[in-house]
1. Can you pull the accessible area of Asp43 for me, 1.4 Å probe, Å² to the nearest 10?
2. May I ask you to evaluate 6.51 cos²θ - 1.76 cosθ + 1.60, the Karplus curve with θ = phi - 60°, for each residue of segment 13-29 and list the ³J(HN,Hα) values in order in whole Hz, giving x for glycine and proline?
3. Could you work out how far apart the two model spin labels at Trp16 and Leu52 are, taking each label as a point 7 Å from the Cα in the direction of the beta carbon, and quote it in nm?
Amino acid sequence: MQVPLFASPVRAVAAWSIQSQQTARRNAMIAATDLAGRRAEIDEVEAFLENLETTIPHARRTTGGHPAHG
């Protein structure tokens, strides 16, 4: 049995489209995972800074806002 001459290129094109779609999907999943990690880090830093602001007491002015001279 002889395979038609065009059968192999057709299979190659069909396989390429599937492989291309799988690669694109994999790249998108990697990018989404990376972005989610960055977002979690940003949220963590923002929460830390908000907590830091509430725990640091404001400086009291003992000189009425004027610098003390010698």
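1. The accessible area of Asp43 comes to roughly 70 Å².
2. My calculation for segment 13-29 gives 5, 5, 5, 4, 5, 5, 4, 4, 5, 5, 5, 4, 5, 4, 4, 5, 5 Hz in order.
3. 5.3
The values are calculated or read from the model by the stated rules, or taken from the named source; none is laboratory data. Quantities reported herein were computed from a predicted structural model and do not represent experimental measurements. Positions of Cβ are backbone-derived with ideal geometry, glycine not excepted, and every protein chain shown enters the neighbour counts. Calculation scope for accessible area: heavy atoms of the full protein, side chains included, ligands and nucleic acids excluded. Shrake-Rupley method; radii C 1.70, N 1.55, O 1.52, S 1.80 Å.
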